[in-house]
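Here's the structure we're looking at; comments come further down.
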Amino acid sequence: MCRRPKEGDFRTNVHAGGEVFAHQPSRQEQEICRAIKEKLIEDGLYFVGIDIIGGKLVEINCVSPGGIPRINRLNNDHLEAKVVDFIEEEVKGITETNHRERSVQ
């Protein structure tokens with residue numbers, strides 16, 4: 001999603017009057033995602049929100065990625081279900097790996 005400030009303001013926060021709209025990431029924005037992906041995964045950060053302003057990465061929101069309800073409305077999606085499914089698969093993989101490691105010992 002993308003946010004646009006209300007006229008006469010620079011803040012894009014929804015609570016400050018910013019408008020939310022659907023957004024397809026540009027090639028440059030996709031490149032930013034590719035550039036940070038490996039390090040985020042290495043650090044165990046599989047689901048984050050990123051803020052890009054003027055083609056520059058300005059923030060990575062790790063604790064509260066935010067925007068899920070708005071993205072769901074804009075894209076007729078259910079991101080939270082995809083996140084939960086992903087977490088369940090990751091936990092299942094960790095559990096199976098730990099079980100195999102204990103069996104070998």
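None of the figures in this text is laboratory data; all of them are computed from the coordinates on show. Not measured: the values here are computed from a predicted model. Counting neighbours? That spans all protein chains shown, and the Cβs are built from the backbone with ideal geometry, glycine included.
Need the full-extension length gain, Gln28 to Met1, defined as separation in residues times 0.36 nm minus the C-alpha distance. One decimal, nm. All intermediate terms of the calculation are to be shown ahead of the outcome.
On the way: separation 27, 0.36 × 27 = 9.72 nm, distance 1.55 nm.
Separation in residues times 0.36 nm, less the Cα-Cα distance, equals 8.2 nm.
Grab the alpha carbons of the chain, take their convex hull, and tell me the volume per residue in Å³. Spell out each step's value before the answer.
Values: hull volume 12.9 nm³, N = 105.
Roughly 123 Å³ of hull volume per residue.
What dipole magnitude, in Debye to the nearest 20, does the chain give about its Cα centre under +1 on Lys/Arg Cβ and -1 on Asp/Glu Cβ? The partial results should precede the final answer.
Numbers: 15 positive and 18 negative charges, 57 e Å.
Approximately 280 debye in magnitude.
List the relative contact order of segment 1-102 as a percent without decimals, with contacts defined as Cα pairs under 8 Å and 6+ residues apart.
Relative CO of segment 1-102 lands at 18 percent.
How far is helix 27-42 tilted off the main Cα axis of the chain, in degrees rounded to 10, range 0 to 90?
30 degrees
Multiply the residue gap between Leu79 and Lys39 by 0.36 nm, knock off their C-alpha separation, and tell me the result in nm, one decimal place.
Working: separation 40, 0.36 × 40 = 14.40 nm, distance 2.25 nm.
Going from the current span to full extension adds 12.1 nm.
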